[in-house]
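Below: one structure, written as structure tokens.
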Amino acid sequence: MPVFRPRQALALASALGLALGAAACGSGDGGSDKTDSAECAAYEQYQGHEGKEVSIYASIRDVEADLLEQSWEQFVECTGIEINYEGSGEFEAQLPVRVDGGNAPDIAFIPQPGLLERFAKAGNLKPVSAETKAMAEKYYSADWLKYATVDGTLYGAPLGSNVKSFVWYSPKMFQEKGWKVPQTWDEMIALSDQIAASGIKPWCAGIESGDATGWPATDWIEDLMLRTQGPEVYDQWTTHAIPFNDPRVAEAVDRAGTILKNEKYVNGGYGGVKSILTTSFQEGGLPIVQGKCAMHRQASFYANQWPEGTKVAEDGDVFAFYFPPIDPSKGKPVLGGGEFVVAFTDRPEVQAVQTYLASPEHANSRAKLGNWVSANKGLDINNVQNPIDRLSVQILQDESTVFRFDGSDMMPAAVGAGTFWKEMVAWINGKDTQSVLNAIENSWPQ
């Protein structure tokens with residue numbers, strides 16, 4: 001699915017060069033040198049590249065881009081490396097153009113493992129340095145690093161993350177009605193029946209997203225594949241080791257349909273099942289704050305879609321609970337996404353920046369600025385202020401978590417960002433499961 005960073009979709013792309021001169025790193029008069037000061041001690045391993053420039057290209061822009069640039073200000077001051085950052089809403093389309101045209105950035109933040117693999121297999125990416133590899137392996141789980149590993153070679157480390165296995169609800173409404181947050185799938189269905197019997201539609205949803213319409217429904221299928229079939233079969237599905245129309249995939253789709261295609265359950269505040277097609281993903285959960293809907297399955301980044309003044313907290317107007325497992329004995333399956341820091345050049349200063357971005361120093365520096373989730377094990381939860389971000393980090397750091405990356409982002413674009421989206425629209429519109437899965441299977445590149 002597309003990556004939706006908070007507030008990212010609102011404005012124009014920014015191309016801001018962060019140029020804090022080398023003068024900031026030393027007095028030049030024989031006095032105290034800032035690079036020797038206590039505040040620069042953490043950056044000692046990145047020294048020796050003063051005056052060098054490193055370009056970074058990514059999809060993160062606007063306010064989030066500003067926060068990113070703030071997060072590496074001290075690194076820039078202490079090392080003298082100038083970082084020129086550019087964020088673009090056309091990142092996924094333009095990065096291949098730049099790379100193929102011989103104008104690749106030094107570093108890119110790639111959110112799709114499939115795109116990363118394409119560049120790696122084409123020989124465009126540089127393997128990470130020994131320093132970056134050591135940093136990444138120390139602070140990220142093997143589950144995360146495998147998405148940046150191609151043919152046994154590591155090409156990048158994760159940066160930001162998001163957790164998709166969430167169900168948004170109103171703590172106030174639940175308390176008033178005497179509803180309890182479900183811990184299992186069966187409890188969630190029983191709760192849905194209870195809510196429906198009270199005259200309120202238990203679920204609301206929206207899958208309209210312009211050219212990307214349909215992606216929220218693919219997230220449902222991915223979460224249900226993890227819960228019904230487990231991580232091994234999920235991996236086989238996303239890599240086409242089993243066909244898309246395998247009966248196990250059909251089981252997951254039909255399980256999702258018990259909610260999304262159930263007229264008794266949806267679509268609170270908007271209409272019946274087919275209203276899901278015309279409701280934007282940004283507006284999909286809003287009936288919760290109007291008391292017209294009880295639950296909305298959507299990622300952690302949905303926290304930024306609630307109306308201004310909405311309190312997002314465990315005791316607030318809205319919050320989210322973990323999308324419960326079907327069989328709790330199989331661990332805690334978690335669907336998510338994120339960006340990977342890859343390099344198209346291997347100059348020493350580029351490797352230094354790549355290593356720093358994999359470090360806990362950067363993860364904590366960015367987290368302190370707000371609106372940030374990372375799977376970095378060195379991230380101090382006390383630096384994460386936003387309640388839903390804290391819950392996301394706790395889930396990612398939980399030893400029982402079985403994490404898997406967004407499946408459509410790992411599939412060939414013709415499927416993951418093509419027929420899978422389109423056929424989910426047809427499915428909501430009434431097309432039967434087997435016909436939907438057959439159509440997707442037939443579209444898989446040979």
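For this structure, a couple of remarks:
- Residues of region 265-283 include at least one that is modelled with pLDDT of 95 or more, on the phi > 0 side of the Ramachandran plot, small (G, A, S) and out of contact with any Ser or Thr (no Cβ under 8 Å at 6 or more places or on another chain).
- Residue within region 391-401 that is touching a helix residue (DSSP H, G or I) at 6+ places or on another chain (Cβ under 8 Å), surrounded by fewer than 20 Cβ atoms within 10 Å (Cβ to Cβ) and farther than 26 Å from A142 by Cα present: no
- Options G114, G123: the member that is assigned to a helix (DSSP H, G or I) and of a type in the set (G, A, S): G114
- Residue within region 57-73 that is open to solvent by 60 Å² or more (accessible area, probe 1.4 Å) and out of contact with any Leu (no Cβ under 9 Å at 6 or more places or on another chain) present: no
Every residue, every condition in (1) under 24 Å from L391 (Cβ atoms); (2) crowded, with 18+ Cβ neighbours inside 10 Å; (3) over 23 Å from the mean Cα position of the chain (by Cα), yes or no:
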| position | (1), (2), (3) |
| --- | --- |
| G268 | yes, yes, yes |
| G272 | no, no, yes |
| S280 | no, no, no |
| E283 | yes, no, no |
| P287 | yes, yes, yes |
| H296 | yes, yes, no |
| A299 | yes, yes, no |
| W306 | yes, yes, no |
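- As a summary of the residue check, A241 satisfies the conditions (1) part of a loop (DSSP other than H, G, I, E, B); (2) out of contact with any helix residue (DSSP H, G or I) (no Cβ under 7 Å at 6 or more places or on another chain); (3) under 22 Å from A196 (Cβ atoms) except for the one numbered (3).
- Members of region 201-238 that are part of a helix (DSSP H, G or I), of a type outside the set (D, E, K, R) and touching a strand residue (DSSP E or B) at 6+ places or on another chain (Cβ under 7 Å): W220, L226, P231, Y234
- Checking each residue of region 115-124 against the condition of being open to solvent by less than 50 Å² (accessible area, probe 1.4 Å) and within 17 Å of the chain's Cα centre (by Cα) gives at least one match.
- Leading residue by the ranking (nearest to A41 (Cα to Cα)) among those in region 337-378 that are of a type in the set (G, A, S) and in a loop (DSSP other than H, G, I, E, B): S359
- Of residues in region 425-446 being open to solvent by less than 50 Å² (accessible area, probe 1.4 Å) and within 14 Å of D254 (Cβ to Cβ), the one farthest from the chain's Cα centre (by Cα): S435
A quick yes/no check of all residues on (1) touching a residue at least 60 places away in the same chain (Cβ under 8 Å); (2) within 18 Å of the chain's Cα centre (by Cα):
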| position | (1), (2) |
| --- | --- |
| A313 | yes, no |
| Y322 | yes, yes |
| P333 | yes, yes |
| F340 | yes, yes |
| F344 | yes, no |
| V350 | yes, no |
| K368 | no, no |
| L379 | no, yes |
| V384 | no, yes |
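- Some residue of region 233-240 being farther than 19 Å from S165 by Cα, touching a residue at least 40 places away in the same chain (Cβ under 8 Å), open to solvent by 30 Å² or more (accessible area, probe 1.4 Å) and among the β-branched types (V, I, T): yes
- Considering S359, S374, the condition of being surrounded by 16 or more Cβ atoms within 10 Å (Cβ to Cβ), among the hydroxyl-bearing types (S, T, Y) and more than 18 Å from the chain's Cα centre (by Cα) is satisfied by S359 alone.
- Condition check for S408: crowded, with 23+ Cβ neighbours inside 10 Å, among the small types (G, A, S), in contact with a helix residue (DSSP H, G or I) (Cβ under 7 Å, 6 or more places away or on another chain) and not in a helix (DSSP H, G or I): no
The values are calculated or read from the model by the stated rules, or taken from the named source; none is laboratory data. Quantities reported herein were computed from a predicted structural model and do not represent experimental measurements. Neighbour counts are summed over all protein chains in view; Cβ atoms, including those assigned to glycine, are modelled from backbone coordinates with ideal geometry. Note: areas computed on protein heavy atoms with side chains; ligands, DNA, RNA excluded. Shrake-Rupley method; radii C 1.70, N 1.55, O 1.52, S 1.80 Å.
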